[in-house]
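K.L.:
Encoded as structure tokens, here's the structure I'll be asking about.
The values are calculated or read from the model by the stated rules, or taken from the named source; none is laboratory data. For clarity, every value in this text was computed on a predicted model and none was experimentally measured. Backbone-built Cβ (ideal geometry, glycine too); neighbour counts: all protein chains shown. All accessible areas refer to the heavy atoms of the entire protein, side chains included, with ligands and DNA or RNA removed. Shrake-Rupley method; radii C 1.70, N 1.55, O 1.52, S 1.80 Å.
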Amino acid sequence: MPAVQKLRIRFAKRGRLRFTSHRDFQRAFERAVRRAGLPVAFSHGFSPHPKISYAGAAPTGAASEAEYLEISLTHERDAEQVRAALDEALPPGLDVLETVVAGPGSLADQLEASEWRIALPGVAPEQADAAVAAFLERDEIMVERMTKRGLRSFDCRAAVLRLTVAREPEPVPTCAILQVVLRHGTPAVRPDDVLAGVLEVATLPVPGPALLTRLAQGPLIAATGTVDDPLARDRDANQATATGQAGPHQTHTAEGDAAAPSVP
């Protein structure tokens with residue numbers, strides 16, 4: 001049957017489920033769709049597959065509060081009921097946060113940048129301040145990463161629009177918190193690449209593994225180094241359809257005052 005409705009979904013990967021690979025999540029989500037009884041549309045051809053499109057997946061091992069996908073249905077469903085049914089069908093740690101009816105345009109094209117939180121247990125914030133300052137002073141920082149095609153070297157500095165050391169409101173054990181806004185591009189620069197770049201230009205003892213969490217993903221406002229909400233237009237369009245008046249939306253703003261210069 002033809003697709004008559006497209007939904008856009010924001011979900012989170014939390015706790016131990018951050019180690020779920022993208023392929024593992026795909027399998028889990030398709031099972032959840034079947035458990036929830038959703039009338040998902042299928043592609044045509046010799047090997048039909050459900051019309052589910054994933055965009056901007058976080059790397060394995062990173063937690064995220066801003067993962068997105070689109071799903072096409074053959075019958076219209078209430079977006080909130082779909083969210084609740086999918087959230088119940090998925091294991092705790094893979095949490096469906098919001099579902100909206102898709103408006104015009106491509107979701108993938110709106111995912112231009114991400115904001116990340118990098119927690120460094122055992123590192124004092126004062127040490128991180130000096131390391132971040134050294135990183136921002138550089139115009140280019142080359143790092144290496146092993147890919148499917150072998151070891152690759154690339155500049156991690158150009159993608160960084162904002163890098164700050166966040167201050168926690170409550171006292172916590174020694175742990176520096178870096179917040180970074182990354183422009184999406186080719187090659188894709190990940191938060192662990194930025195950390196590698198920081199360690200390349202500054203002496204920063206990191207006794208344990210860094211904890212990576214994506215806080216936001218969406219349209220880029222380069223002038224302020226902020227990430228907008230990719231579902232805002234869909235939400236406003238739905239509200240305008242229901243009430244005849246669109247509502248405002250908020251922009252996700254990174255903490256801290258120091259910002260790196262934007263890259264044209």
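K.L.:
Between helix 79-89 and the chain, what is the angle of the helix's C-alpha long axis to the longest principal axis, kept within 0 to 90° and rounded to the nearest 10?
P.N.:
Roughly 70 degrees, rounded to the nearest 10.
K.L.:
In square angstrom, what is the accessible area per residue of the chain with a 1.4 angstrom probe? Write out the running numbers ahead of the final one.
P.N.:
On the way: 13830 Å² over 264 residues.
Here the per-residue accessible area is 52 Å².
K.L.:
Follow-up question, since we're still on this one. Quick one: divide the alpha-carbon radius of gyration of segment 113-218 by 2.2 N^0.38 Å and tell me what you get. Working shown, then result.
P.N.:
Details: Rg = 13.4 Å, N = 106, 2.2 N^0.38 = 12.9 Å.
Its radius of gyration relative to the 2.2 N^0.38 Å reference: 1.04.
K.L.:
Roughly how tilted is helix 22-35, in degrees to the nearest 10 and between 0 and 90, from the longest Cα axis of the chain?
P.N.:
That works out to roughly 30 degrees.
K.L.:
Using the crude model of +1 on Lys and Arg Cβ and -1 on Asp and Glu Cβ, and no other charge, please compute the dipole size for the chain relative to its Cα centre, in debye to 20.
P.N.:
Numbers: 29 positive and 33 negative charges, 230 e Å.
It comes to approximately 1100 debye.
K.L.:
Select from Ser64, Val132, Val33 the residue farthest towards the positive end of the dipole of the chain; place +1 on Cβ of Lys and Arg, -1 on Cβ of Asp and Glu, and compute about the Cα centre.
P.N.:
Val33
K.L.:
Whole Å is fine, so just give me how far the alpha carbon centre of segment 1-80 lies from that of segment 108-160.
P.N.:
Computed from Cα coordinates, the inter-centre distance equals 29 Å.
K.L.:
For the chain, which whole percent of the accessible surface, found with a 1.4 angstrom probe, sits on carbon and sulfur atoms?
P.N.:
Numbers: 7160 of 13830 Å².
Of all accessible area on the chain, carbon and sulfur atoms account for 52 percent.
K.L.:
Further question: Based only on the alpha carbon positions, what is the Kirkwood hydrodynamic radius of segment 1-61, in angstrom?
P.N.:
Numbers: mean 1/r = 0.0754 Å⁻¹.
Computed over segment 1-61, the radius equals 13.3 Å.
K.L.:
Return the calculated 222 nm mean residue ellipticity for the chain, to the nearest 500 deg cm²/dmol, obtained by summing -39500 (n - 2.57) across DSSP H runs with n ≥ 4 and dividing by the residue count.
P.N.:
On the way: 6 runs with 65 residues, N = 264.
Estimated from H runs of four or more residues: -7500 deg cm²/dmol.
K.L.:
Quick one: pull the percentage of alpha-carbon pairs in the chain with a separation above 36 Å. Working shown, then result.
P.N.:
Working: 6855 of 34716 pairs.
Of all Cα-Cα distances in the chain, 20 percent exceed 36 Å.
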